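Report on the structure given below.
The values are calculated or read from the model by the stated rules, or taken from the named source; none is laboratory data. Because the structure is predicted, anything quoted here is derived from the model rather than measured. For neighbour counting, all protein chains shown are included, and Cβ atoms are generated from backbone atoms with ideal geometry for every residue, glycine included.
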């Protein structure tokens with residue numbers, strides 16, 4: 001199944017969500033038993049089929065938040081069966097209800113642009129708890145990247161659909177230090193947001209450059225290590241990026257360095 005995974009992931013993101021397919025229907029489509037398919041899928045990707053489907057639906061809803069649609073319309077178009085499940089999963093993955101998220105987008109945009117345009121080379125760090133473990137992350141980006149924000153974080157899964165264990169929003173490409181990393185195994189992910197006057201560009205990250213460390217990092221064993229992540233264009237098999245960078249920068253701010 002591993003060799004077919006890029007095809008499976010592309011099918012899920014481009015076809016299965018549109019057709020409102022279940023994980024069992026996707027397994028059957030590729031000729032697998034549903035239990036074997038679900039088990040191997042998570043083993044290979046680090047996240048479940050159900051989690052990917054839910055995240056893709058939330059991403060679709062975020063993409064349409066700037067349109068004049070009622071919540072029920074967003075729910076139906078993104079593929080959720082009920083308004084309750086839509087609101088609960090949206091809030092689980094973004095930290096806000098759909099209605100709250102749309103309001104926050106407008107309020108945070110001004111502050112995000114101020115941070116982006118500040119001439120001082122500063123970073124804003126987010127962490128869950130004080131800890132001695134840390135690591136250094138350097139970022140490589142294409143030459144045509146416009147001045148913008150780079151986000152670096154440690155996550156429980158390869159789908160960044162929760163606030164990071166330790167995260168950094170920065171304009172610096174080298175010497176970025178993730179501090180206060182608790183004991184555990186985490187994925188190191190990064191994305192870059194091009195400077196834009198379109199408010200949705202900072203919340204819909206589907207087209208942002210992204211990259212990751214291939215192996216899961218174990219702390220405190222990995223404390224003090226240095227990593228280099230090369231960012232690339234998004235491809236169809238990439239999972240959605242749902243972490244609310246605006247909240248990390250503004251409302252969830254815990255430490256400024």
Exercise. Do we have residue 167 as crowded, with 20+ Cβ neighbours inside 10 Å and assigned by TED's automatic domain parsing to the domain that holds residue 241 here?
Worked result: yes
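Here is a yes/no grid of residues against (1) closer than 30 Å to residue 218 by Cα; (2) over 20 Å from the mean Cα position of the chain (by Cα):
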{"residue": "78", "(1), (2)": "no, no"}
{"residue": "88", "(1), (2)": "no, no"}
{"residue": "109", "(1), (2)": "no, no"}
{"residue": "131", "(1), (2)": "yes, yes"}
{"residue": "143", "(1), (2)": "no, yes"}
{"residue": "153", "(1), (2)": "yes, no"}
{"residue": "159", "(1), (2)": "yes, no"}
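Going through 221, 216, 212 one at a time, which residue ends up being surrounded by fewer than 22 Cβ atoms within 10 Å (Cβ to Cβ), closer than 17 Å to residue 150 by Cβ and not assigned by TED's automatic domain parsing to the domain that holds residue 45? Give the derivation first.
Numbers: 221 fails: closer than 17 Å to residue 150 by Cβ; 216 fails: closer than 17 Å to residue 150 by Cβ.
One residue alone meets the criteria, 212.
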For this session: Report whether or not residue 124 is in the same structural domain as residue 223 (by TED's automatic domain parsing) and in contact with a helix residue (DSSP H, G or I) (Cβ under 6 Å, 6 or more places away or on another chain).
Result: yes
Seminar exercise, completed: Every listed condition ((1) closer than 19 Å to residue 112 by Cβ; (2) more than 12 Å from the chain's Cα centre (by Cα); (3) surrounded by fewer than 16 Cβ atoms within 10 Å (Cβ to Cβ)) holds for residue 194 save (3)
Problem set entry | Only listed residue being assigned by TED's automatic domain parsing to the domain that holds residue 243, at pLDDT 90 or above and part of a loop (DSSP other than H, G, I, E, B), chosen from 178, 158, 189 | 158
For this session: Assess whether residue 44 counts as being under 30 Å from residue 4 (Cα atoms) and within 16 Å of the chain's Cα centre (by Cα).
Result: no
Problem set entry | Qualifying positions in the range 125-142 - part of a loop (DSSP other than H, G, I, E, B) and closer than 15 Å to residue 171 by Cα | 141, 142
Exercise. Which of the following residues is at pLDDT 80 or above, surrounded by fewer than 17 Cβ atoms within 10 Å (Cβ to Cβ), in the same structural domain as residue 211 (by TED's automatic domain parsing) and under 28 Å from residue 44 (Cβ atoms): 140, 129?
Worked result: 140
Seminar exercise, completed: When restricted to 154, 188, the only residue crowded, with 18+ Cβ neighbours inside 10 Å and without any contact (Cβ under 8 Å) to a residue 60 or more places away in the chain is 188
Exercise. Would you pick out the residues in the range 163-175 that are outside any strand (DSSP E or B) and in contact (Cβ under 8 Å) with a residue 60 or more places away in the chain?
Worked result: 163, 164
